[in-house]
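The values are calculated or read from the model by the stated rules, or taken from the named source; none is laboratory data. This one's a predicted model, so the numbers in the text were calculated from it and none came from an experiment. Reconstructed Cβ throughout: ideal geometry from the backbone, glycine too, with neighbour counts over all protein chains shown. Please note that ligands, DNA and RNA were not included when accessible areas were found on the heavy atoms of the full protein model with its side chains. Shrake-Rupley method; radii C 1.70, N 1.55, O 1.52, S 1.80 Å.
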Amino acid sequence: MQKPDGLPAEIDLSRPSAARVYDYFLGGAHNFEIDRQLAEQIASMTPNLAGTMRAGREFLRRAVRVLLHAGVDQFLDIGSGIPTVGNVHEVAQSVNPKARIIYVDIDPVAVAHSRELLAGNDLTGVIQADLRDPGHILAEARALNLLDFDRPLGILLAGVVHFVPDDSRPGDVLATLRAAAAPGSYLVISHSTFEDQPREMLDAQRLSARTDTEITLRSRAEITGFFEDWTLLEPGLVHMPLWRPDAASDVDDKPEQFGAFGGVARYDRSAG
Ligand SMILES: C[S@@+](CC[C@H](N)C(=O)[O-])C[C@H]1O[C@@H](n2cnc3c(N)ncnc32)[C@H](O)[C@@H]1O
C-alpha cells in the first residue's frame with residue numbers, strides 16, 4: 001500500500017492499528033481504510049463502542065481536572081493516543097498554564113501527530129515507547145528533564161493497561177511506575193472489563209486480536225489490584241460514567257454499557 005507523505009516509515013498499513021481505529025471512533029482524520037473497515041465491523045457488533053470511547057475521554061478529562069485542583073501540575077500520560085480535541089495538555093494548561101505533560105504511545109502515527117501538534121509547546125514532550133517496558137519509559141521521561149519525579153505526579157493510564165497481556169506481567173509494570181512516583185502522586189486507570197457485559201461486547205473485543213494490540217479484559221478485583229496500596233478516591237473503581245460526573249444528567253441509564261471501569265488513587269505517605 002502507498003504510504004501517504006509525511007508518515008513515519010515504520011508504520012504498517014497492512015494491519016489496523018488500535019490508535020487509528022480509536023481516532024476514527026472519535027471522529028478524527030488520522031486513520032486509513034484498513035482501520036475504518038475494522039472500526040465499522042466493531043461498530044456493527046457493538047453500537048455502544050463509539051460511546052465507550054467518548055466516555056473514556058470524558059472520564060480522563062474529569063480525572064485530570066480533579067488532580068489539577070488537588071495541586072498536581074505534571075502528568076505522564078501513557079497510551080495517550082492520537083491527539084483529538086480536549087487533550088490532556090489542553091485541559092491541564094487551561095487550568096494551570098504551567099502544567100507539564102509527557103505523552104507516551106507505542107503507535108508511530110499517534111507519536112508523529114502528537115509531535116506535530118505540540119511543536120512549540122515547551123511544557124510538553126512526546127515519547128514513543130511500550131508500556132510493557134516501564135523502565136524505558138521512565139528513563140526517557142527523565143531524559144526530557146520536563147517532570148520532577150520528587151514532586152507529585154499524575155500517572156495517566158487511560159484505556160491502555162488492557163493492552164498489556166497477563167504474560168507481560170501488568171502487575172509488575174504498574175509496580176515500576178508507582179515506585180517512581182513521589183508521595184502525593186496520583187494514578188488514573190480506565191480499563192475494559194468483562195463484568196456486566198453482553199456477549200456482543202465480548203465478541204467485539206476479540207476483534208482486537210487483529211491489531212498489534214490485543215485487549216485483555218479484566219475483573220474489577222484485578223483492576224483494583226493495579227492501584228495496590230494507594231488510596232482509591234471516592235467513588236472507587238466504577239463504570240466510567242459513574243466516576244464523579246459533572247452532572248447527574250450526564251450519567252446514562254446503563255453506565256455499565258461502556259464496558260470499562262475507571263478509578264483514581266493517591267499515594268499517601270503512609271502507603272508503600
Ligand atoms: C484506547 S486508546 C486511549 C487513548 C487515550 N489514553 C484516551 O483515553 O483517550 C489506547 C492507546 O494505547 C496505545 N497503546 C496500546 N498498547 C500500548 C503499549 N503497550 N504501550 C504504549 N501505548 C500503547 C495505543 O496505540 C492507543 O493509542
Filter pass, residue 245 being open to solvent by 10 Å² or more (accessible area, probe 1.4 Å) and in contact (Cβ under 8 Å) with a residue 60 or more places away in the chain:
yes
Can you tell me how many residues within the stretch 148-169 are within 16 Å of the ligand (Cβ to nearest atom) and open to solvent by 10 Å² or more (accessible area, probe 1.4 Å)?
10
Suppose we filter the stretch 17-34 for residues that are free of Cβ contacts under 8 Å to residues at least 24 places away in the same chain and either within 16 Å of residue 159 (Cβ to Cβ) or of a type in the set (Lys, Arg) (or both); how many remain?
1
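If you scan the stretch 185-217, which residues turn out to be modelled with pLDDT of 95 or more, more than 15 Å from the ligand (Cβ to nearest atom) and not in a loop (DSSP other than H, G, I, E, B)?
Here is the first cut: in the stretch 185-217, the residues modelled with pLDDT of 95 or more are 185-191.
Next, from what is left, pick out any that are more than 15 Å from the ligand (Cβ to nearest atom): 185-186.
Residue satisfying the conditions is 186 alone.
Let's see how each residue does on (1) in contact with a Pro (Cβ under 8 Å, 6 or more places away or on another chain); (2) charged (D, E, K, R):
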{"position": "123", "(1), (2)": "no, no"}
{"position": "128", "(1), (2)": "yes, no"}
{"position": "139", "(1), (2)": "no, no"}
{"position": "157", "(1), (2)": "no, no"}
{"position": "162", "(1), (2)": "no, no"}
{"position": "167", "(1), (2)": "no, yes"}
{"position": "172", "(1), (2)": "no, yes"}
Count - residues of the stretch 135-147 that are open to solvent by less than 70 Å² (accessible area, probe 1.4 Å), touching a strand residue (DSSP E or B) at 6+ places or on another chain (Cβ under 7 Å) and more than 9 Å from the ligand (Cβ to nearest atom)
3
Can you name the condition, by its number, that residue 34 falls short on among (1) away from the ligand (no atom under 12 Å from the Cβ); (2) touching a helix residue (DSSP H, G or I) at 6+ places or on another chain (Cβ under 8 Å); (3) modelled with pLDDT of 90 or more?
(2)
What are the pairs with Cβ atoms under 7 angstrom where one residue, in the stretch 170-183, is over 17 Å from residue 150 (Cβ atoms) and the other, located anywhere, is assigned to a helix (DSSP H, G or I)? Sequence gap at least six, or different chains.
170/161; 171/225; 173/134; 176/134; 176/135
Identity of the residue in the stretch 12-57, part of a loop (DSSP other than H, G, I, E, B) and aliphatic (A, V, I, L, M), that ends up least open to solvent (accessible area, probe 1.4 Å)
13
From the list 221, 175, 182, which one is more than 16 Å from the ligand (Cβ to nearest atom), surrounded by fewer than 20 Cβ atoms within 10 Å (Cβ to Cβ) and assigned to a loop (DSSP other than H, G, I, E, B)?
182
